[in-house]
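The values are calculated or read from the model by the stated rules, or taken from the named source; none is laboratory data. Because the structure is predicted, anything quoted here is derived from the model rather than measured. Cβ placement follows ideal geometry from the backbone for every residue including glycine, while neighbour counts extend to all protein chains displayed. Only protein heavy atoms, including side chains, enter the accessible area calculation; ligands, DNA and RNA are left aside. Shrake-Rupley method; radii C 1.70, N 1.55, O 1.52, S 1.80 Å.
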6 protein chains.
Amino acid sequence: MYELGVEYRNIRRVDGDVAARLGSFGSATVHEALGRTGLMKPYMRPIYAGAQVSGTAVTVLLHPGDNWMMHVVAEQIRPGDVVVAAVTADCSDGYFGDLLATSFKARGAHALVIEAGVRDVRVLTEMKFPVWSKAVSAKGTVKATLGSVNVPVVCAGTLVKPGDVIVADDDGVVVVPFDLAQKTLDAATAREASEGEKRAKLASGVLGLDMYNMRGPLEKAGLKYID
Amino acid sequence: MYELGVEYRNIRRVDGDVAARLGSFGSATVHEALGRTGLMKPYMRPIYAGAQVSGTAVTVLLHPGDNWMMHVVAEQIRPGDVVVAAVTADCSDGYFGDLLATSFKARGAHALVIEAGVRDVRVLTEMKFPVWSKAVSAKGTVKATLGSVNVPVVCAGTLVKPGDVIVADDDGVVVVPFDLAQKTLDAATAREASEGEKRAKLASGVLGLDMYNMRGPLEKAGLKYID
Amino acid sequence: MYELGVEYRNIRRVDGDVAARLGSFGSATVHEALGRTGLMKPYMRPIYAGAQVSGTAVTVLLHPGDNWMMHVVAEQIRPGDVVVAAVTADCSDGYFGDLLATSFKARGAHALVIEAGVRDVRVLTEMKFPVWSKAVSAKGTVKATLGSVNVPVVCAGTLVKPGDVIVADDDGVVVVPFDLAQKTLDAATAREASEGEKRAKLASGVLGLDMYNMRGPLEKAGLKYID
Amino acid sequence: MYELGVEYRNIRRVDGDVAARLGSFGSATVHEALGRTGLMKPYMRPIYAGAQVSGTAVTVLLHPGDNWMMHVVAEQIRPGDVVVAAVTADCSDGYFGDLLATSFKARGAHALVIEAGVRDVRVLTEMKFPVWSKAVSAKGTVKATLGSVNVPVVCAGTLVKPGDVIVADDDGVVVVPFDLAQKTLDAATAREASEGEKRAKLASGVLGLDMYNMRGPLEKAGLKYID
Amino acid sequence: MYELGVEYRNIRRVDGDVAARLGSFGSATVHEALGRTGLMKPYMRPIYAGAQVSGTAVTVLLHPGDNWMMHVVAEQIRPGDVVVAAVTADCSDGYFGDLLATSFKARGAHALVIEAGVRDVRVLTEMKFPVWSKAVSAKGTVKATLGSVNVPVVCAGTLVKPGDVIVADDDGVVVVPFDLAQKTLDAATAREASEGEKRAKLASGVLGLDMYNMRGPLEKAGLKYID
Amino acid sequence: MYELGVEYRNIRRVDGDVAARLGSFGSATVHEALGRTGLMKPYMRPIYAGAQVSGTAVTVLLHPGDNWMMHVVAEQIRPGDVVVAAVTADCSDGYFGDLLATSFKARGAHALVIEAGVRDVRVLTEMKFPVWSKAVSAKGTVKATLGSVNVPVVCAGTLVKPGDVIVADDDGVVVVPFDLAQKTLDAATAREASEGEKRAKLASGVLGLDMYNMRGPLEKAGLKYID
């Protein structure tokens, strides 16, 4: 399924401003705006709470226990990118630590999303370099086998193509395909616009039942009230 | 097993003061006072560290991927309640976010306990609205199918009846049945009373072996010392 | 496989200074220095972020749902020890809480590593007594059955012998066998020495590809660049 | 939540003929007839393929690693019963083997459903005594602590009361509450009656799209066909 | 990430003979021939042992707890196809049972691969209609929400495009992309050709060490023999 | 923790007759005879039902995704051995298939126990070469990195030393240490001797309550009977 041993050096990326604005909405709003698709499986967790980032995907395909290609992908990072790393089989090894983070940060990466493990998490937290991963592990890796850079990958159940937008925060990681980025941004903007007013109403004690006119549909669906 | 499509509006609740005092002991002490039963499975985790709450249960039964009844249960919340949400099948979707939290808080809810996912966890943390859940997920839900409100539910392996006391903190979530609330409070109070003195002794270097008179029973059980 | 009902009271321990210096490197560096062995499975997680400890192992073998031997092992703790607790079958009960932590701390223990559950985690966090465990659970235990103290145990997939060095931090828990402690310390020291310079280079934008001279090997391995 | 240390000796049971007829439909049909509730979590698996049983529940509440009450519940078994065993905390130990199976079978039990482990599965398979469990494990248990017999229990996420009907086959385990047994039997009978005709149509190549008149609703929902 | 509410009716398929011949090699050989990529995660298991099938993929995207689109995809099945079903979020419900299997079989489908649950497994086994799934569950589904048919889907960690070849047996499920089908068939054929001779040598007691000339490389790698 | 890159060629083995007789009792009885220790975690499952084997352990330590040492260990197999394979990190790859099985069988191995994946399970089943593993996976491995042969390993939570006895059947895998083999055989023999009589009594309807004289202890423990 994967092309192995290749590195694509020229990829088209979603416009950086669009990516940034998508990020400002957070993963939940963007996921809704995408029609509730594109979310990575919820075992992908941030190494520290509170980070909210977005960026354009550069992808890397790794082999179990081998992080050689992490050094290769570093050269492809441009400011505003998020590195998305997939592995050809389940592996929880720590592919990424403070040295690679120093390099990625120097290249302008916003974050790493990896369906594997990460280490040096205390230092990464101090550096404020956010990582979403499925594990934390002190176990290091070898540098022996070729994978690929900037091929489409499946990461945590979701297809990621180079140049797609990644939005990640405490709620998870959403992938916005290149072709849908502007449309998703518009939908997210519209959705967000109505939220402030709703929040104020709910805070004042108005019920969602009334605000959303749900009482009729509930009655129609047959809800029985028992006093 | 469940009654579907019904909402019970008048439930008896354990006295609010009893619920509050049970909460002051924390889940570990209350669980002991209950004879080591009533604890939800340990995959129920708080979205942020440090919260310790208690309250009377209002329950809601949901379908996978559908949070319609969360709006219905909101109307039944009284100050001091904890909402307990069960789902008819395993689901990690994010049923609850900052808008619903605003509404629940306005109604006086102390917390949400849900055997499913939650989202907007950064905002919920800022709002100090605690949630115990089995997952965090940006994935939203539809509003299409009737469940029930204030029927007995099984949540994370434990039976919860409306009006029972919920005690939740970093160690987990305990359910105290209506009929056992006062008795459990008495037992917890007694248990706690003796802890301060014990702690002081242990801090001074006295061993539990001596404080609890365990050397005799250990010898009787046949413990062999090898020097 | 295990000797049951015995307590070894005289164990040889790795020199405390060696243990302390190993701890200063953290689990990832020590794990590398050990040839990438000795790491406990990554489901062992700290109850709070940021702790980094090391010490000499005293071991205890427990039965499911029974923490009697935790009081027995307390007597064997010397300043600088880390207690390592294994259970004869999978169990997530909370074997350890604030009272035992008070006692362990008074004896000079640096930490607890337990392949089971722990409770009172908020208080333990306030006390700054770190625990690495596979679960958090309010569920308490009985005191009924003999296990053993200071026998070799398997904890989270790794063999631990009394007197071995334990290094634990946010990345996990590594076990350094008695016989390899000095050699591992030397290897870790050598490894660490070169890291500062590398970090500076990477921060300045130098790529690992160049710093590690990887371009030749990548070409030899057949990496194809596609523009 | 549980009453500990009690044994109820007189329970009402659903009529044996109703239980048997429910069993003839299998778990999937009965689950539908119950409004899609009452199914135990799917990690409950049969120890061998092909068994399909039903019966009236006698319940037993066990402690982790302790099967004492299995001998107590044996005395309450009447011909046609299914024993349902819950444990107060997660445990995969083998609580049940060929000796207990011999006893249960002699008492007329149809099956065991246990949220824990079972052993001697080769012999149980030869004896044709079916067990649904969450694990298989050679690990035995002690006989030390009181649980309860014939109290309501939560087993694999579902509430089971003594006398309820249990229907179990390769698809899982369904619990039919005492009060709903006859109504569920009627619904299952009606459901099954229409299946034969449907099967014949589908086998002849008629599509569900046409047999269920789905084309209109699909069009209304907006399905777009792309040639 | 997914296109929702669309059904593609004309897809190109790998030649049926190529698909059949790939199937004859089994998933392990095909996976090797593909460069060790394209394997679904190993939690995908067959409902009965011994089935070995292949076919061209028709895909269906489902929502949690909703199997409406299974009836829609049935119309797109041609003899020799394998239906591959993905769900937009984790779900273990039983989306497929004996009625749908009757219909799929009548249309000429060879198998179903579904990242969710299946039911009626005893009848499916008798019908010899193989299914690879991540769960077995009696829980049925509703028919309420549009998904899609014949769009690319991610199933169990692997991208599947309509018309790709699926090879499935007791070892798992491999996806061969349309463009690589012939090349993979050639590689598998070459690989298989040499296996018979190797098997005979190994059966006669020749060691792989000698047959593969590994002694030199092992010595070079530094293997130490200790007598 | 592990010695890497070494192969011990002369190991002492438990007498073959002792190993065979231990195997005749099965894992559950041997586990009891060992004081309920030595059982591998229950995720180790046989690839087909009904196998019951024993033998003397030869051990092999592997790296993730690399089965080179499987060929090395083959040379150390003597008739009556069971190969026990551990991996330095979690991995579900298929390390072993029909070619290696042919070789192992030709050398006289009774079985393989591996904390990883296996493939070609249909052929292995036809060959009647039993394997206990934690996964089945078509994914193959490389042959690149040195591990070790006949060093002590931790496999599925249990320490295995070369020459120990392995007893494996449908209930799991038990390790009997070299020094305890005869003593365990004696205990198992004694235990088994009394089982036939017990089985006959239970089959005739005698209750374990009476046969084991449990009524007094239950009364003493405070069991309340409610009619």
**Prompt:** What whole-number value in Å² describes the accessible area per residue of segment C:37-154 for a 1.4 Å probe?
**Reply:** 23
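Which percentage, to the nearest 5, of the DSSP beta bridges contained in segment B:1-91 is antiparallel?
So the antiparallel bridges amount to about 10 percent of the total.
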**Fill in**
iface F-A | buried accessible area, total | probe 1.4 Å | Å², round 100 | 500
**Request:** Specify whether the C-alpha gyration tensor of chain F places it in the rounded, prolate or oblate class, a ≥ b ≥ c being the square roots of the eigenvalues: rounded for a/c under 1.5, otherwise prolate if a/b is larger than b/c and oblate if not.
**Result:** prolate
**Prompt:** Going by average Cβ neighbours within 10 Å, how do the peptides D:70-77, F:214-221, B:60-67, E:6-13 rank, with the highest at the top?
**Reply:** B:60-67, D:70-77, E:6-13, F:214-221
**Asked** Could you give, in nm with one decimal, how far residue A:212 is from each other copy of that position, shortest first, with labels 7 Å out from Cα toward Cβ?
**Response** 2.6, 5.0, 5.0, 5.3, 5.8
**Complete:** Classified through the alpha carbon gyration tensor (a ≥ b ≥ c as square roots of its eigenvalues; rounded if a/c is under 1.5, else prolate when a/b is larger than b/c, else oblate), the protein assembly as shown comes out rounded
**Message:** Given a Förster distance of 60 Å, report the FRET efficiency between residue B:199 and residue A:193 from their Cβ-Cβ distance, rounded to the nearest 0.05.
**Reply:** 0.65
**Request:** Return the carbon/sulfur percentage of the accessible area of chain E, one whole number, probe 1.4 Å, all protein chains in place.
**Result:** 51
**Request:** Label segment F:46-90 by shape, choosing from rounded, prolate and oblate, from the square roots a ≥ b ≥ c of the eigenvalues of the Cα gyration tensor; if a/c is under 1.5 it is rounded, and otherwise prolate applies when a/b is larger than b/c, oblate when it is not.
**Result:** oblate
**Prompt:** Taking the Cα centre of each part, how many Å lie between segment B:31-100 and segment E:61-100?
**Reply:** 32
**Descending principal axes extents, segment B:39-121, alpha-carbon based, whole Å** = 30, 28, 24
**Prompt:** At what distance in angstrom do the alpha carbon centres of segment D:186-227 and segment B:154-221 lie from each other?
**Reply:** 57
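Looking at the protein assembly as shown, send over the antiparallel percent of its DSSP beta bridges, to the nearest 5.
Details: 108 of 240 bridges.
Bridges in the protein assembly as shown that DSSP calls antiparallel: roughly 45 percent.
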**Prompt:** What number in nm² do you get for segment D:123-168 if you take the convex hull of its Cα atoms and divide its surface by four?
**Reply:** 4.8
**Request:** Would you calculate, for the protein assembly as shown, the mean residue ellipticity at 222 nm contributed by helices, counting each DSSP H stretch of 4 or more residues as -39,500 (n - 2.57) and dividing by all residues, to the nearest 500?
**Result:** -9500 deg cm²/dmol
**Karplus (6.51, -1.76, 1.60) ³J(HN,Hα), θ = phi - 60°, over segment F:145-160, in Hz, Gly and Pro reported as x** = 10, 6, x, 9, 10, 6, 9, x, 10, 9, 10, 6, x, 10, 6, 10
**Request:** Collect residues whose amide H, placed 1.01 Å from N in the peptide plane, falls under 5 Å from the amide H of residue B:173; neighbours closer than 5 in sequence don't count.
**Result:** B:40
**Residue mean of other protein chain beta carbons inside 10 Å, D:152-158** = 4
**Prompt:** In nm, what does the list of distances from residue A:200 to its counterparts in the other copies look like, shortest first, when each label sits 7 Å along Cα to Cβ?
**Reply:** 5.7, 5.7, 6.6, 8.7, 8.8
**Message:** What's the magnitude of the charge dipole for chain B around its Cα centre, counting Lys and Arg as +1 and Asp and Glu as -1 at the beta-carbon? Answer in Debye, nearest 20.
**Reply:** 80
**Request:** Apply 1/(1 + (r/R0)^6) to the Cβ-Cβ distance of residue F:15 and residue F:127, taking R0 = 25 Å, and write down the FRET efficiency to the nearest 0.05.
**Result:** 0.35
**Item:** Beta carbon of chain F nearest to the axis of the rotation taking F to D, residue and angstrom distance
**Value:** F:49, 5
**Item:** Paramagnetic label zone (point 7 Å from Cα along Cα-to-C-beta, residue E:24; backbone N under 11 Å) in segment E:177-205
**Value:** E:189
**Item:** Average partner coverage of B:214-224, which counts Cβ from other chains inside 10 Å
**Value:** 4
**Request:** Express as a percent, rounded to the nearest 5, the fraction of DSSP beta bridges in segment A:82-227 (both residues included) that run antiparallel.
**Result:** 45
**Message:** Measuring nothing but label to label, 7 Å from Cα along Cα→Cβ, what are residue C:189's distances to the other copies in nm, shortest first?
**Reply:** 5.7, 6.2, 6.2, 6.3, 8.6
